[in-house]
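K.L.:
Sharing a structure below in structure tokens format, with a few things to ask.
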2 protein chains.
Amino acid sequence: MSGRLMKVISKSGEYGLRALLYMASNQKNKGYFNIRDMSEELDISFHFLTKILQVLTQKGILQSYRGPNGGVGFFKNPEEITLSAIIRALEGDDFFDKCLLGLPGCGERQPCPMHAYWMDIRNNLKYEFETTSLADLGQDTREKQFRLIA
Amino acid sequence: MSGRLMKVISKSGEYGLRALLYMASNQKNKGYFNIRDMSEELDISFHFLTKILQVLTQKGILQSYRGPNGGVGFFKNPEEITLSAIIRALEGDDFFDKCLLGLPGCGERQPCPMHAYWMDIRNNLKYEFETTSLADLGQDTREKQFRLIA
DNA sequence: AAGATTAAAGAGTATTTTATCTTAAATAAA
DNA sequence: TTTATTTAAGATAAAATACTCTTTAATCTT
Ligand code: SF4
Ligand code: SF4
């Protein structure tokens, strides 16, 4: 009931994003990123991070290489990787298609009083996540901003 | 990694909100709302719901009465209860003051690349939650809407 | 080919969240 | 005053999430 943070994504999502951001901003280093090094740099459990990056690899966001000097690297350019794709990979493909409240068995036909309200917020978040790339975040060059009107 | 919904609030928060919405839209019934009845109506575990409503009572949103014909009722009018107050009561007072990602030990001084981005979203949500009352939601009379500009 | 390095995969543990069960306290009605 | 009703409170259990450990497979270096 207290101490909890406003948190939309799980730890897996958080760690995955942090790792990807780290990678995006250290790309000069051409080769593969060593997961052990990253886990130490980011202070995330090596095994846990490995699992998360594994998923990102399976989802086609990263590619991996085993053996000496192996590791993980981008499969696509950070410019082409949307926040949406990352979150969907780590939180489930339907992340942006469900209710923010998480209520089951409801929808357009029997909407709760909050429906229209949540849909506004959700669609807005969805749009932002779909139109923002990893590179956008890493370089913080975006100029878009939310604004409330009317 | 799958099956998870985009869920900002916990089950406690969801159940609490649902109960409050139910109460707000059944207010003709002047007396106290029986928690057992509500738990059946809303299909929420009686004991769990009781705990949640207990918190709302402790936080001054509801008032309770024990004994026959007892139950819970609004302490303030639904018009005066903001969504923000409800969520803060159930999710923690700092819910809207922390990072959406939940990362600890960071802030304005050492912002991660997502900082400005998240702050936009967060402030927007915060504003909406603070300016929306339970009655607004229950009657769905709000005309405000999000819109992305620039 | 042999050994070292590194990610993949799967099993197991710990912590947190959600839910239930039991007992206590307050109130009302008989 | 006794009994029934109802919320409060605390202990316990189940489920979900987060994290760790161990083994396997791929790749490189020698
Ligand atoms: S009706 Fe309410 S609970 Fe259902 S999806 Fe819409 S906002 Fe969510
Ligand atoms: S710097 Fe990043 S992690 Fe920290 S509060 Fe801002 S958005 Fe959240």
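The values are calculated or read from the model by the stated rules, or taken from the named source; none is laboratory data. For clarity, every value in this text was computed on a predicted model and none was experimentally measured. Cβ sites come from the backbone with ideal geometry, for glycine too, and all protein chains shown count toward neighbours. Heads up: the accessible areas ignore ligands, DNA and RNA and are worked out on the full protein's heavy atoms, side chains in. Shrake-Rupley method; radii C 1.70, N 1.55, O 1.52, S 1.80 Å.
K.L.:
Got a sec to turn the phi values of the range A:125-137 into Karplus ³J(HN,Hα) couplings, 6.51 cos²θ - 1.76 cosθ + 1.60 with θ = phi - 60°, whole Hz, x for Gly and Pro?
P.N.:
Karplus values, whole Hz, x for Gly and Pro: 4, 4, 4, 4, 5, 7, 9, 10, 9, 4, 5, 3, 5.
K.L.:
Still on this structure, I have one more. Could you name the aspartates and glutamates whose alpha carbon sits less than 14 Å from that of residue A:11, not counting residues in the same chain fewer than 8 places away?
P.N.:
Within reach: A:43, A:91.
K.L.:
For A:96, B:75, give the ranking by accessible area with the largest first, probe 1.4 Å.
P.N.:
Details: A:96 5, B:75 130 Å².
My answer, sorted largest first, is B:75, A:96.
K.L.:
Further, regarding this structure: Chains B and A: how much accessible area gets covered up at their contact, both sides added, probe 1.4 Å, in Å² to the nearest hundred? If you can, show how the numbers build up before the last one.
P.N.:
Numbers: alone 10630 and 10620 Å², together 15840 Å².
Summing both chains' loss of accessible area gives about 5400 Å².
K.L.:
Next up: Using a label point 7 angstrom from Cα along Cα-to-C-beta, what distances in nm, from shortest up, separate residue B:37 from the other copies?
P.N.:
6.7
K.L.:
Something else now. Can you order the peptides B:60-66, B:85-91 by their average number of other Cβ atoms within 10 Å per residue, highest first?
P.N.:
Values: B:60-66: 16.0, B:85-91: 22.0.
Those peptides, ordered most packed to least, come out B:85-91, B:60-66.
K.L.:
For the range B:11-144, taking Cα atoms only, what is the radius of gyration to one decimal and the Dmax to the nearest whole Å?
P.N.:
Final numbers for Rg and Dmax: 17.1, 57 Å.
K.L.:
Suppose you put the label 7 Å out from Cα in the Cβ direction; list, shortest first and in nm with one decimal, how far residue A:80 is from each other copy's label.
P.N.:
5.9
K.L.:
In nm, one decimal, shortest first: how far is the label point of residue B:131 (7 Å from Cα along Cα to beta carbon) from the matching points in the other copies?
P.N.:
Relative to the other copies, residue B:131 has label-point distances of 2.1 nm.
K.L.:
For residue B:40, tell me the accessible area in Å² from a 1.4 Å probe, rounded to the nearest 10.
P.N.:
Counting only protein heavy atoms, residue B:40 exposes about 130 Å² to solvent.
K.L.:
Can you pull the one-decimal nm distance between simple spin-label points at residue A:28 and residue A:63, each 7 Å off the Cα toward Cβ?
P.N.:
Here the answer is 2.4 nm between the modelled labels.
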